[in-house]
1. Any idea which of Asp460, Asp467, Asp511 is more than 60 Å from the chain's Cα centre (by Cα) and more than 20 Å from Asn557 (Cα to Cα)?
2. Mind listing whichever residues of the range 491-507 are surrounded by 14 or more Cβ atoms within 10 Å (Cβ to Cβ) and of a type in the set (D, E, K, R)?
3. Answer yes or no: is there a residue in the range 71-78 that is at pLDDT below 85 and touching a His at 6+ places or on another chain (Cβ under 9 Å).
4. Residue under question is Leu416, and the condition is that it be on the phi < 0 side of the Ramachandran plot and more than 60 Å from the chain's Cα centre (by Cα); does it hold?
5. Where the second residue is β-branched (Val, Ile, Thr) and the first is free of Cβ contacts under 8 Å to residues at least 40 places away in the same chain and lies in the range 200-220, which pairs have Cβ atoms under 8 Å and are six or more apart or on separate chains?
6. Just checking, which of Phe462, Phe481 is buried (at least 21 other Cβ atoms within 10 Å of the Cβ), out of contact with any Ser or Thr (no Cβ under 7 Å at 6 or more places or on another chain), among the aromatic types (Phe, Trp, Tyr) and over 15 Å from Thr576 (Cβ atoms)?
7. Leu166 passes all but one of (1) surrounded by 15 or more Cβ atoms within 10 Å (Cβ to Cβ); (2) in a strand (DSSP E or B); (3) without any contact (Cβ under 8 Å) to a residue 60 or more places away in the chain; which number fails?
8. Scan the range 544-565 for residues that are touching a residue at least 60 places away in the same chain (Cβ under 8 Å) and within 27 Å of Asp475 (Cβ to Cβ) and report the count.
Amino acid sequence: MKIPIRVTILGLFLFLSAFVLGPIFYIQSNLSEDLAKKAMNDYFKTTTFKVEKNIEVMNAKNIAIANLATTFIQNTPNEDFTKNEELYLKKFANILENSKTVYSLYLGFSDDRFYEIINLNIHHEVDKRFKIKKTDRWLQIEILNPSIQIVSLFDKDFKLTSKKELKNTYKPTLRPWYKNSINTNQTKKTGPYLFSNINSIGITYSKKLNKDTVFAVDVLVNDFHTIINTKNGINSLESYIFNKDKMIIESSTNNNKIFDKILSINKNKDLHTVKQSTINIENKTYIYDISNIKSDHEKKEYILSYALLEEMKSPYLEKFNIMHQVLLLLGLILLPLMWYFASIIVKPILLLTKESHKVKNRDFDKVVQVSSVVTEVGILSRSITSMAKSIHSYQHELEEKVEHRTKELYEKNRQLKILSVTDKLTNTYNRIQLDNTIEKEIQRANRKNSHFGIVIIDIDYFKKVNDTYGHQVGDTVLIEFSNILKQNTRRTDTVGRWGGEEFVIICVEADLQELLSLATILKEKIEKHTFSTVKTKTASFGVATYKKPESAQDLINRADKALYIAKENGRNRVETLEKI
């Protein structure tokens, strides 16, 4: 498929635009998520800080209340509260009335006696068993006998409106607030936990008065509601304050489904180590964070906040969308400009294409330069003209060199082929060629039912020549010996050096009698020949014809055994294992 250059340039522009804008969009998308996470983290830190400060203030205030009540009790002339019941009632009521969060004040004794004043205006869900009327303002509980609980109700003027005795199961000495304070002089905090008389979460502040008496203040935890209900413009933002037992102390919503899901996936983790993360619920992605509230040294409470990730990202995505629109508008403005500049380049490029075709068709003398306002096009045109001249000159030289090198290569290959199958000393075939020839002749004999045979020749006492005259004389004898063999065999016969002083002749279309005749002639020629330096020399011959379906090695072994017999029988002989 052919593509015009203008389209190519525009395509390149669009590709580069996508190459640049793509990562920008990707980075912006991820950046919006990072910014959303940072905003969530900032909100979370602020909320946690406010809760911690609220708890710090609440602790200080309620400890002050506990200390104030403790001072009053310790300064009361008679410690037996039954004898100063009205005094205790009014003093406790005065303390309760001046606080919006203190639910009740009470005393616990080591013998399980108990005295409590409850502010009925703080919470309206006191257990129905007390049968409270609208006019009732104060509730007094006394345990003087371990089995009896005396419940008294008073109006705002401290007039008794009702009094009754109930069965008692409450033992102060078994309660955490009593146990936490009886062995220390410090004001102790217990909770948050669910109060027994009302459906509400609260905290108890307790302090030991003496070795067997503990004073306590019950405080409702409702100061966090305003803090965690602050949305900061994020509709999906919800928060929970809960303790280590997963009990919710305060929350901004009554729907605990997402809260339960988040705690479920983190159930095997230490909540102190949980970092900001995301969770997918019903195809919606929420971003959440859990942090420990540093309310005291025990760090028993946590705050969890979550919001929809898309809503957290939306303010940043809107800004990024404006940026994207600006970039796209800029691209639309640049597109016509790119088309115009592409047109300036197109015409000279087309002319250069024609000149390049002239070079391709070897019309070197017809190549002309192309003029253009584009500097690079002029440079390219001059380069094409210069290249045409150079190619024309070099082509002729190259053709001559190629022809000469081809001839040399052919001759070298021919020589290498001869060297690969020739014994360098005797200029006869080597062992490799002899093996290949025997295999070929076996295949031909099996295919055409023809016959052939081999003669193995060994120069008698050749070692003495080397030992007596040296290896150079020995090499001369081998050369003269091989010449006798080549001169007295047929053109169709293959003569080669088997190794050392042994030679092999492969005779095609020859029977046993013909092989024996050839071997005898060669024996006589060698015997009569006058060799340089050593003068006379003899040889022993082993003859064998091919017998189907034997292998090449079988054929060679039989000829070799015949040669061995010739040597054993006195040398200078022709022997065969076959019947003549």
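The values are calculated or read from the model by the stated rules, or taken from the named source; none is laboratory data. None of these values were measured; they are calculated from a predicted model. Glycine also receives a Cβ, built like all others from the backbone with ideal geometry; neighbour counts cover every protein chain displayed.
1. On the way: Asp460 fails: more than 20 Å from Asn557 (Cα to Cα); Asp511 fails: more than 20 Å from Asn557 (Cα to Cα).
None of the others qualify; the one that does is Asp467.
2. Going residue by residue through the range 491-507, those that are surrounded by 14 or more Cβ atoms within 10 Å (Cβ to Cβ) are 493-498, 501-507.
Answer for the range 491-507, where residues must be surrounded by 14 or more Cβ atoms within 10 Å (Cβ to Cβ) and of a type in the set (D, E, K, R): Asp493, Arg497, Glu501, Glu502.
3. So in the range 71-78, the residues at pLDDT below 85 come out as 71-78.
If we keep only those that are touching a His at 6+ places or on another chain (Cβ under 9 Å) too, we end up with none.
No; the residues of the range 71-78 include none that is at pLDDT below 85 and touching a His at 6+ places or on another chain (Cβ under 9 Å).
4. On the way: on the phi < 0 side of the Ramachandran plot: yes; more than 60 Å from the chain's Cα centre (by Cα): no.
No: the conditions fail for Leu416.
5. Listed pairs, sorted by first residue: Thr204/Thr190; Thr204/Val217; Thr204/Val219; Lys208/Ile182; Lys208/Thr184; Lys208/Val214.
6. On the way: Phe462 fails: buried (at least 21 other Cβ atoms within 10 Å of the Cβ).
Among Phe462, Phe481, only Phe481 is buried (at least 21 other Cβ atoms within 10 Å of the Cβ), out of contact with any Ser or Thr (no Cβ under 7 Å at 6 or more places or on another chain), among the aromatic types (Phe, Trp, Tyr) and over 15 Å from Thr576 (Cβ atoms).
7. Of everything listed in (1) surrounded by 15 or more Cβ atoms within 10 Å (Cβ to Cβ); (2) in a strand (DSSP E or B); (3) without any contact (Cβ under 8 Å) to a residue 60 or more places away in the chain, Leu166 misses just condition (1).
8. Result for the range 544-565: 4.
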